[in-house]
Amino acid sequence: QVQLVESGGGLVQAGGSLRLSCAASGRTSSVYTMGWFRQSPGKVREFVAAAWGVGSTHYASSVKDRFTISRDATKYTVDLQMNNLNPEDTAVYYCATAPPLRSAIIAGNYEYWGQGTQVTVSS
């Protein structure tokens, strides 16, 4: 089992920034990809960003150029720096991990999930 703990959510005004952090513990040898997803009320969980291997990253088009994912593979932590936030970014953000050789953008490929952290952007 892998345990994931997220932190850093909160309330911010439009145009502001937040930094989310996630730390993995337990059977971390199975962790290859670490990703962030988000879910708003009434919507499906959607991919935000992921990091895997040595320096590989991918972003959803809606956050590219505003969000930056960074991972410390030795410590099994992953951060998500979110800049220029807008109300459409309001959601519960989840950290998740996946084994190798699985597409990073598909939620079903991720094995372990954190409890989520709320991000609210006011207009």
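The values are calculated or read from the model by the stated rules, or taken from the named source; none is laboratory data. Everything numeric here is computed off the predicted structure, so don't read it as measured data. Counting neighbours? That spans all protein chains shown, and the Cβs are built from the backbone with ideal geometry, glycine included. Note: areas computed on protein heavy atoms with side chains; ligands, DNA, RNA excluded. Shrake-Rupley method; radii C 1.70, N 1.55, O 1.52, S 1.80 Å.
Among Pro100, Pro41, Pro87, which one moves the most in a GNM of the chain with springs linking Cα atoms closer than 10 Å?
Maximum fluctuation in the GNM of the chain, among the listed residues, is at Pro41.
Could you report the chain's accessible area per residue, 1.4 Å probe, as an integer in Å²?
51 Å²
Please list Phe47, Phe37 from largest to smallest accessible area, probe radius 1.4 Å, with all protein chains kept in place.
Details: Phe47 25, Phe37 0 Å².
Descending accessible area places them as Phe47, Phe37.
By what distance, in whole Å, do the Cα atoms of region 1-63 stretch along each of the three principal axes, largest value first?
Over region 1-63, Cα extents along the principal axes are 38, 25, 23 Å.
So if I take the centroid of the Cα atoms in region 52-67 and the same for region 80-121, what is the distance between those two points in Å?
Distance between centres, Cα-based: 12 Å.
Report in % the part of the accessible area of region 10-95 that belongs to carbon and sulfur, leaving out ligands and nucleic acids; probe 1.4 Å.
C and S atoms contribute 50 percent here.
Using a Gaussian network for the chain with springs between C-alpha atoms less than 10 Å apart, which of these wobbles most: Arg45, Arg66, Arg27?
Arg27
Hey, with R₀ at 30 Å, roughly what FRET efficiency would Asp65 and Asn109 work out to, going by the Cβ-Cβ distance, to 0.05?
Working from the Cβ atoms, E equals 0.75.
Sorted by packing (mean other beta-carbon atoms within 10 Å per residue), highest first, where do 69-80, 54-65 land?
69-80, 54-65
With both partners inside the chain, how many of the DSSP beta bridges are antiparallel, as a percent to the nearest 5?
90 percent
Any idea what the relative contact order of region 35-104 is, in percent, if you count C-alpha pairs under 8 Å spaced at least 6 apart?
Reported relative contact order: 35 percent.
Provide the descending list of Cα extents for the chain along its principal axes, expressed in whole angstroms.
The Cα atoms of the chain stretch 42, 25, 24 Å along their principal axes.
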